[in-house]
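This report refers to the structure that appears directly beneath it.
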Amino acid sequence: MSEERDYFVHESAYVDLPCRIGKGTKIWHFCHVMKDARIGENCILGQNVLVSTGVVIGNNVKVQNNVAIYTGTVIEDDVFLGPSCVLTNVSNPRSQIVRHDLYERTVLRRGATVGANATIVCGTELGRYCFIGAGAVVTKNVPDYARMLGVPARQAGWVSRHGIPLPPPDRDGIMVCRESGYRYRQVQPGVVRCLDLEEDAPLPPEQRVGKVPYRNVKSRA
C-alpha cells in the first residue's frame, strides 16, 4: 500500500485491496477491512473491528472496539457504534445451508447511535439520530429520533440530535433539548423533526462540544 495514503492504518491491521478509504480515517489495532468495502472520511475504527466485503460506511463514523460489520450493512454519516454491538445479515442462519446470495440489508441512517452490546437484527432500518440503548435488541425499524431500550427493544420516548432525552411536549407540542436548546415537534404520529436545524445540515461549530453530563438530564427525562 502506498505511503502517500491520506488515512492511517495500524501495522497490526489488515486492509484487503481493492477497497476505498477516505481521507483522515484511522484504522486501529487488529482491524480487518475486506475488499470492496467503502469507508468515508474522518472515520475511526477501534480495536478488532471487521468491515466485510461490500459494506458502505459514510463520513465521520465512529466504531468502537470488537464490532463486526457484515456484508449487507449500509452506515450513513455521523453514526456511532458502541463497543461489542452486534450486526447480523441472515435471519435464519444454518451451518449446512449456504445463503451467501441472500444477505439481508441493514441500514443505519445519519447520526444514529447503537449502544454497547446492543444487537441489530438484520433487515431493519435505524432512523436518523435514533438512540439504541446498551444491551437492547432491535427487531424492527426504528423511527428518527426514537429512544429504544430493552429486549426486545421498545420505544421509550424521543431523543435530541445531541443524545439528550426530550421532555414531554408543551401545550404547543414543542420538546426542547436541554443541552442545545433546539426545538423538536412530532409533525405527525411517529414522526419527529427538529424545528431549528435541517436533519441533513451539519451542526454549527458551537454545538459540537458537549456541555451537559448525561446524568444531569437523565433523572429529568
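Residues are listed down the side, and each one gets a yes or a no for (1) of a type in the set (Ser, Thr, Tyr); (2) touching a residue at least 24 places away in the same chain (Cβ under 8 Å); (3) in contact with a Phe, Trp or Tyr (Cβ under 6 Å, 6 or more places away or on another chain):
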| residue | (1), (2), (3) |
| --- | --- |
| ARG109 | no, yes, no |
| THR124 | yes, no, no |
| TYR129 | yes, yes, yes |
| ALA134 | no, yes, no |
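In this structure, ARG161 does satisfy being touching a Ser or Thr at 6+ places or on another chain (Cβ under 8 Å) and either at pLDDT 95 or above or in a loop (DSSP other than H, G, I, E, B) (or both). Which residues, counting only those in region 51-67, are assigned to a strand (DSSP E or B) and either surrounded by 19 or more Cβ atoms within 10 Å (Cβ to Cβ) or touching a His at 6+ places or on another chain (Cβ under 6 Å) (or both)? Listed by number, the residues that qualify are VAL51, ILE57, VAL63. Residues in region 140-158 that are surrounded by fewer than 16 Cβ atoms within 10 Å (Cβ to Cβ), of a type outside the set (A, V, I, L, M, F, W, C) and outside any strand (DSSP E or B): LYS140, ASN141, GLY150, PRO152. Evaluation of GLU4 against the conditions (1) assigned to a loop (DSSP other than H, G, I, E, B); (2) in contact (Cβ under 8 Å) with a residue 12 or more places away in the chain; (3) not hydroxyl-bearing (Ser, Thr, Tyr) shows that the sole unmet condition is (2).
Residues in region 176-217 that are polar (S, T, N, Q), without any contact (Cβ under 8 Å) to a residue 40 or more places away in the chain, closer than 16 Å to TYR129 by Cβ and not in a loop (DSSP other than H, G, I, E, B): GLN186 alone.
The values are calculated or read from the model by the stated rules, or taken from the named source; none is laboratory data. Since this is a predicted model, take the numbers as computed values, not measurements. All Cβ positions, glycine included, derive from the backbone under ideal geometry; neighbour counts span all protein chains shown.
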